[in-house]
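See structure below.
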Amino acid sequence: MPDTALLVIDMQRALLKDAHDGEACLGRVAELADRARAAGVPVVYLRQRFAGMPAEWLEVHPTLTPRPGDVVLDKDSADSFLGTALGEVLAELAVHRLVVTGYASDYCVDSTSRSALSHGYDLVLVADGHTTMERPAGDRPTAAQIVAHHNGVFSVIQYAGRSVTVAPAAEVRFDASRVG
């Protein structure tokens, strides 16, 4: 059984409508999810809930519709571990390494990645598999700068006893000879 899980964070249709590089990011994450499933690696979807939000806001983008056997968990905070069964699900699956993708780089992807490290997981942040909201022209930092910043931070961050890798989707491996 693989020791890895792929996390797909908040890739909901309603949230992605103004996402930076949204369609391309969705395509890369969908391809990664297909490769994970083919390797027997669990795919775990996290969906952000907001007070008073319409039910359709929970809908995962159709490019990434969960398949039978995938895990879908709802959450109420940026940290996917907080107040959810994520830790229990991963323990039951004997997961020690998380491949993280999703929306938004500067909120839920960042919070969940740091929490994963604090919870004892090795981390692979998919460099081109996370995105954030596009900013109005002239705003700084731009969405592209935010994505690059988080890739840079996680490429040098240190957590005792943890492995942290930042790699593009094309380099992420789910087999024993993995690099990313």
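Side notes on the structure shown:
- Candidate set from the stretch 1-13 (those that are out of contact with any His (no Cβ under 7 Å at 6 or more places or on another chain) and over 14 Å from residue 130 (Cα atoms)); member that is surrounded by the fewest Cβ atoms within 10 Å (Cβ to Cβ): 1
- Among the residues making up the stretch 14-35, those that are within 15 Å of residue 125 (Cα to Cα) and either surrounded by fewer than 19 Cβ atoms within 10 Å (Cβ to Cβ) or in contact (Cβ under 8 Å) with a residue 40 or more places away in the chain (or both) are 25, 28, 29, 32.
- Residue in the stretch 39-57 that is assigned to a helix (DSSP H, G or I) and either crowded, with 18+ Cβ neighbours inside 10 Å or among the hydroxyl-bearing types (Ser, Thr, Tyr) (or both) present: no
- Qualifying positions in the stretch 81-137 - at pLDDT 95 or above, among the charged types (D, E, K, R), buried (at least 16 other Cβ atoms within 10 Å of the Cβ) and not in a strand (DSSP E or B): 106, 110, 114
- Residue satisfying all of: in the stretch 151-168; outside any helix (DSSP H, G or I) and of a type in the set (Ser, Thr, Tyr); farthest from the chain's Cα centre (by Cα) among these: 159
The values are calculated or read from the model by the stated rules, or taken from the named source; none is laboratory data. Every value quoted in this text rests on a predicted model; they were computed, and no experiment measured them. Virtual Cβ from ideal backbone geometry, glycine too; neighbours counted across all protein chains shown.
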